[in-house]
Structure formats: C-alpha cells, structure tokens
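The values are calculated or read from the model by the stated rules, or taken from the named source; none is laboratory data. Because the structure is predicted, anything quoted here is derived from the model rather than measured. Cβ sites come from the backbone with ideal geometry, for glycine too, and all protein chains shown count toward neighbours.
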Amino acid sequence: MGRHWPEYLSEAAGLSIFMFSACVLGTLLGHPGSPVVRVVPDPLVRRTMMGLAMGLTAVALIYSPWGRRSGAHFNPATTLTFWRLGKVASADAIAYAIAHAAGGLTGVAVAAAVVGPALGHRAVRYVATVPGSAGTPAAFAAEIAITFLLMTVVLEISNRASLERFTGIAAGTLVALYITIEAPLSGMSMNPARSLASAVPAGTWDAFWIYLIAPPLGMLLAAELYARRRGAHTIYCAKLNHGQAGRCIFRCRHAELLGR
C-alpha cells in the first residue's frame with residue numbers, strides 16, 4: 001500500500017481539479033450576476049455549456065498522465081465496483097476512497113478562495129447536488145440509472161481490444177449528456193466524494209444519503225449483470241485508460257486483452 005502513494009495522489013489531484021472546474025464554471029454559468037447568465041438566459045443552453053465543459057474536463061483527466069497512472073476512477077463508487085469485481089486490493093480501495101474525499105474537498109476549498117462569496121450564493125451553493133422538483137424518489141432512481149449506464153458502458157468498452165482506448169471519451173460524453181439532461185432530477189452526482197465536497201461548505205445534508213447509496217448501488221448492479229452475462233474473467237483491469245502508463249497496481253490482465 002505504501003508504495004502506491006503516487007496513484008493515491010493522482011486520484012486526489014484528479015477529483016480536486018474536476019471539482020475546482022465545476023465550482024468555477026458553476027458560478028460563471030449559474031450566478032445571477034454573471035455576464036454569461038445575462039447573455040445566455042436559457043437554463044438548458046447553460047446546462048449544455050456546463051455539460052460540454054465538464055465532459056471535456058473528465059476526458060482530459062482520464063487521458064492525462066495522472067489518469068493513466070491511477071486508472072482515473074476519481075470516484076469511490078467506481079473503486080468499490082472494481083474491488084467487488086476482484087481487480088482492486090482492499091488496502092488500495094480504502095486509500096483511493098480517502099484520496100477522493102480529500103481531493104474533492106481540496107478542490108472546492110481552492111475554488112472558494114479564488115471565486116469568493118459568489119460560490120456560496122443560493123443559485124450556486126458550491127455546486128451542491130440536491131434533488132430537483134420531482135423529489136427525492138426521482139433523484140434516487142435517476143442516480144441509480146445514470147451510474148448503472150455509466151458502469152455498463154465502461155465495462156463493455158474497456159474490455160474490448162478494439163474499443164478500450166475510447167473508454168474515456170465514452171465516459172466524458174455521458175458526463176456531458178447527464179449534466180445537460182439529467183441534472184434537473186438529481187443534480188447529477190454519480191460520486192459520493194463529489195457530493196461530499198460540495199455538501200460540507202454548503203451545509204446541504206437533507207438528502208445527502210441519496211448520493212452515498214445510489215451511485216454505488218447503480219454501479220454494483222451494472223457490474224453484477226455484466227459478470228453474470230459475460231463472466232468475471234472477461235474483466236481485464238480496473239483502469240479506464242490503460243495506455244502505456246508503466247506499472248499497474250491492479251490485478252491486471254491488460255496484456256491478455258491485447259493478445260500479448
């Protein structure tokens with residue numbers, strides 16, 4: 001475990017950058033005093049802009065040297081799922097979850113220092129994930145659905161030799177679509193650490209349980225169905241982007257996938 005600290009730091013840095021970007025963009029596209037809001041008053045258009053920006057951020061992080069090294073989980077629900085599939089050691093899974101929480105909180109704290117009070121405005125609320133007007137049940141169901149689809153896509157693409165290099169692009173595309181279309185239902189979390197990072201400064205705890213339970217549940221369900229349908233032996237690694245990153249700390253069979 002101690003020898004894997006570069007991977008842990010990479011995971012923390014990745015989610016920190018993601019949350020910093022979300023906070024800055026969320027303020028720019030959501031604060032009523034922002035010039036962007038005045039020029040682009042339509043919420044759907046602004047969500048589309050936010051989705052594209054955050055989707056591209058996700059893709060950039062997945063294909064970055066940090067993402068290639070650590071596997072680009074940036075999400076304890078993702079790590080838990082690969083642990084359940086037997087690809088991640090227990091000690092590494094715990095360290096990854098701690099890194100995700102620390103990284104997310106750091107990213108929001110840095111953004112708060114840079115952006116200032118505007119980040120805490122009721123229209124932005126530290127980009128907290130909260131249920132929409134459809135209520136808590138809809139938000140819970142939506143979080144399960146979007147995480148189920150995300151993990152299904154990741155497993156289907158990352159475990160096919162002809163497609164695995166496109167895993168990050170597919171994941172980033174879903175992030176963009178979810179922010180544009182699904183965010184009004186649940187706030188589009190998919191990530192307990194991401195929601196925690198916003199909930200702490202915003203003080204939004206009423207429905208926080210949704211974002212602790214639903215994302216892991218959706219991903220674990222997707223993994224269980226995939227393993228039953230195709231077999232756990234067809235899961236070659238826990239990295240979203242394997243690339244040529246050097247060592248792999250997971251129970252890796254990526255060379256078999258490529259026929260080496």
Task: Residue ranges of helices (runs of 4 or more DSSP H) in the range 159-260 with at least 3 members buried (at least 18 other Cβ atoms within 10 Å of the Cβ) and touching a Pro at 6+ places or on another chain (Cβ under 8 Å) - done: 208-230
Open item on the list: Suppose the filter is more than 30 Å from Thr234 (Cα to Cα), of a type in the set (Val, Ile, Thr), in contact with a helix residue (DSSP H, G or I) (Cβ under 9 Å, 6 or more places away or on another chain) and not in a helix (DSSP H, G or I); does Val130 pass it?
Closed with: yes
TODO: Could you please tell me which pairs satisfy a Cβ distance under 6 Å, a separation of 6+ or placement on different chains, a first residue in the range 78-94 that is under 20 Å from His233 (Cβ atoms), and a second residue that is in a loop (DSSP other than H, G, I, E, B)?
DONE: Phe82/Val88; Phe82/Ala238; Leu85/Ile235; Lys87/Ala238; Lys87/Phe250; Lys87/Arg251; Val88/Ala238; Val88/Phe250
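May I ask you to say which residue of Leu61, Leu80, Leu9 is under 18 Å from Gly104 (Cβ atoms), under 20 Å from the mean Cα position of the chain (by Cα) and buried (at least 22 other Cβ atoms within 10 Å of the Cβ)?
Result of the check over Leu61, Leu80, Leu9: Leu61.
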Open item on the list: Quick check on my filter: what residues within the range 97-118 are crowded, with 24+ Cβ neighbours inside 10 Å and either under 9 Å from Ala193 (Cβ atoms) or of a type in the set (A, V, I, L, M) (or both)?
Closed with: Ala99, His100, Gly103, Gly104, Val108, Ala111
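Conditions tested, residue by residue: (1) without any contact (Cβ under 8 Å) to a residue 24 or more places away in the chain; (2) in contact with a helix residue (DSSP H, G or I) (Cβ under 9 Å, 6 or more places away or on another chain); (3) β-branched (Val, Ile, Thr).
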| position | (1), (2), (3) |
| --- | --- |
| Ser21 | no, yes, no |
| Pro32 | no, yes, no |
| Val37 | yes, yes, yes |
| Val40 | yes, yes, yes |
| Gly55 | no, yes, no |
| Val59 | no, yes, yes |
Open item on the list: Quick check on this structure: which one of Thr106, Thr78 is under 24 Å from Ile169 (Cα atoms), part of a helix (DSSP H, G or I), hydroxyl-bearing (Ser, Thr, Tyr) and at pLDDT 95 or above?
Closed with: Thr78
